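For reference, the structure is listed below as C-alpha cells.
The values are calculated or read from the model by the stated rules, or taken from the named source; none is laboratory data. What you see is a predicted model, and the numbers here were worked out from it, not measured in a lab. Cβ sites come from the backbone with ideal geometry, for glycine too, and all protein chains shown count toward neighbours.
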Amino acid sequence: MNDKERHLLHYLILVLGLILFALLLIFFKHNTLIQLLVTGLCSVFYASWGIMHHAVENRLTKAIAFEYILIGGFVFLVIFTALNL
Amino acid sequence: MPAQFIYHFLPHPHKKERAKLLSHKALSVYCLAVLVLFAFFKIAPRFLPGVLGYASNINTKDLFVYANKERGKAGLNDLKINDSLSKAAQNKAKDMFANGYWAHVSPDGTEPWDFILAQNYDYSRAGENLAKNFNSSKEVVEAWYQSPSHRENLLNKNYTDVGYAVVDGVLDGYETTLVVQFFGTPRNPSYLAAVDTEPTAAQVVKNPVELPSVLNSSLPKASTVPTIDIAFLSRTFAVVFGGYLGLLLLLDIWYSKLKGIPKFTGHTFAHFAFLLLAVFGMWFALAPGKIL
C-alpha cells in the first residue's frame, strides 16, 4: 500500500466513523444520556484517529496530539452544553 | 500592522503555522468560552427567573389528535378524553411547578396514581407520560412515540381514557411548558358513559366546536414566549460559531494551497469534517425537549 492509498484509507475510516456517530445521534434523538455518551465516544474516536494517523505517518508531535485533543474536547463541550440546557 | 493582522485569519507563510485564531491558545479560549456560557445558562435563571426559557405553542387538542393518529396507525381504538384524568394531569403539572421537580414521583413521595385517585377515577390500569421544553404538540407526541417506554403507554390497547394538561410556568428558573398525559382504564365500565359520544380524532380536526370542554378550555394557556429562547439561541450559536470556525478552517486550506505553505500541524480537512458533525448534531440531532 503506497502513501496515497494509506492516506485515503485513513480518511475513509474517519468519514465512515463520523457518519456512524451522526446516525447514532439521530437514532437516539430522544435519549440525552445516550447522545452524551455517543458524543463523548465520537470525540475520543476523533482524537485517537488523529494521533494514530500522524503516528503511522511518522509526523506525530506533542503539539499535533494536543491539537486533536483540543478539537475533540471543544466539540464535546459544545454538544454537552446544548444537551444540558 | 495590517499585514500582521491578516495572519489572525490566514496561515503565516514564513512561520508555517495556522492562523492565530486557530492556534492552540485560541482553541483553548473557545473551550473556556463554551464552559463560561454553560455556567451562565445554569446560574442566570437563579437570579433572573423566567428570562431564559423555551418558546412553545402546545395545545391539548393537537396532542389528543396526534396521539390518536398514532394509535389509529397501529390499528388501535381511539382514546377518549376523560375530565377526571385531565384534572388529575393539571394538578400534577401544577404540583411540579409549585414544588420545583420534574419526575413521576414528587419529592414527598406522591405518585401519579395519587393524583388520579384524588379525582375519584377508580382505575384498573393507569399510566403517565411527561414532557417539557418542547416547541409544538407534534414534537411532543413524536418524542413519546420514539421512546420505547412512552410508546408502550401510547399504544397500549388496554387503555380507554386519556387526560392532558399543558401548563406554563417557571421550573428551575426557566420559563417552560409542562405536558402531562394520564392514561387510564376504569375499573367499572359504566364510568365511560359520560364520554361515549366523544368525537373521533378526525372529527376533532374538522369540527373543533365539538371538542370536549377540557380541550377547548386549555387552548389559550398553551404558549410561552420567554425573553430569551434557549432552543433558538443554541441553534444560532451552532450556526454562527460553527460558521466562524468552519470559515477559518476553509481559509486555512485555501491559503495554504495557494501559497504552498507546508504547515506541521493536524489535518485541517479532518477538523472541518468533525466540526460539520458538531453543527449537524446541534441543528438536526439534538431533541427539542425532554420526556419522562
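May I ask you to verify whether B:ALA67 is in contact (Cβ under 8 Å) with a residue 12 or more places away in the chain and under 23 Å from the mean Cα position of the chain (by Cα)?
Yes: the conditions hold for B:ALA67.
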*Could you say whether any residue in region B:22-39 is surrounded by 15 or more Cβ atoms within 10 Å (Cβ to Cβ), more than 10 Å from chain A (Cβ to nearest Cβ) and either over 24 Å from the mean Cα position of the chain (by Cα) or assigned to a helix (DSSP H, G or I) (or both)?*
no
_Selection count where residues are in contact with a helix residue (DSSP H, G or I) (Cβ under 7 Å, 6 or more places away or on another chain) and either assigned to a loop (DSSP other than H, G, I, E, B) or among the polar types (S, T, N, Q) (or both), scope region A:21-46_ = 7
_Count of residues meeting criterion [out of contact with any strand residue (DSSP E or B) (no Cβ under 6 Å at 6 or more places or on another chain) and not small (Gly, Ala, Ser)] in region B:135-184_ = 16
_For a quick check of your reading of the model, give me the residue pairs whose first member lies in region A:54-66 and is more than 9 Å from every other protein chain (Cβ to nearest Cβ), whose second is assigned to a helix (DSSP H, G or I) and surrounded by 16 or more Cβ atoms within 10 Å (Cβ to Cβ), with beta-carbon atoms closer than 6 Å and at least 6 apart or on different chains._
A:LEU60/A:HIS54
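Being surrounded by fewer than 17 Cβ atoms within 10 Å (Cβ to Cβ) and within 30 Å of B:TYR54 (Cβ to Cβ) is true for just one of B:TRP283, B:TRP254. Which residue is that?
Details: B:TRP254 fails: within 30 Å of B:TYR54 (Cβ to Cβ).
Exactly one residue qualifies, and that residue is B:TRP283.
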_Conditions (1) modelled with pLDDT under 80; (2) farther than 30 Å from B:SER84 by Cα; (3) of a type in the set (D, E, K, R): number failed by B:LYS221_ = (2)
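Identify all residues within region B:255-267 that are touching a residue at least 24 places away in the same chain (Cβ under 8 Å) and assigned to a helix (DSSP H, G or I); write none if there are none.
Filtering region B:255-267 down to residues touching a residue at least 24 places away in the same chain (Cβ under 8 Å) leaves B:255-256, B:259, B:261-265.
Across region B:255-267, the qualifying residues are B:TYR255, B:SER256, B:LYS259.
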*Looking at region A:17-42, which of its residues are touching a residue at least 24 places away in the same chain (Cβ under 8 Å) and small (Gly, Ala, Ser)?*
A:GLY17, A:GLY40
*asked:* Quick test of your reading of the structure: A:GLY50 fulfils all but one of (1) in contact with a strand residue (DSSP E or B) (Cβ under 7 Å, 6 or more places away or on another chain); (2) farther than 25 Å from B:GLY289 by Cα. Name the failing condition by number.
replied: (1)
